[in-house]
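All remarks here apply to the structure that follows.
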Amino acid sequence: MGWALAWAMTWAGEELQKSFSKVHTFLILASTSSLGLGLGWLGRVLHHF
């Protein structure tokens, strides 16, 4: 599963670079990743209640 995520991030990064600058691409990928981690953590915390 890890390789699929790595491939998806690489592909998304390449597609984003066609439309955005490197800074914007980094911010989009970093915020998307952080949001996913945050929601996963929140789901785990709420699951224990």
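Each value in this text was obtained by applying a stated rule to the coordinates, not by laboratory testing. Remember, it's a predicted structure, so these values are computed and weren't measured experimentally. A quick note on method: Cβ atoms are made from the backbone with ideal geometry, for glycine too, and the neighbour counts reach across all protein chains shown.
A simple spin-label model places the labels of Glu14 and Ala30 2.4 nm from each other, with each point 7 Å out along Cα-to-Cβ. Using the Karplus relation 6.51 cos²θ - 1.76 cosθ + 1.60 with θ = phi - 60°, the per-residue 3J(HN,Hα) values for the range 37-43 come to 5, x, 5, x, 4, 4, x Hz, with x marking Gly and Pro. R0 = 30 Å: FRET efficiency of His48 with Trp7, Cβ-based, nearest 0.05? The pair His48/Trp7 has a calculated efficiency of 0.40. Mean residue ellipticity, 222 nm, helices only, the chain: the sum of -39500 (n - 2.57) across DSSP H runs of n ≥ 4, divided by residue count and rounded to 500, is -31500 deg cm²/dmol.
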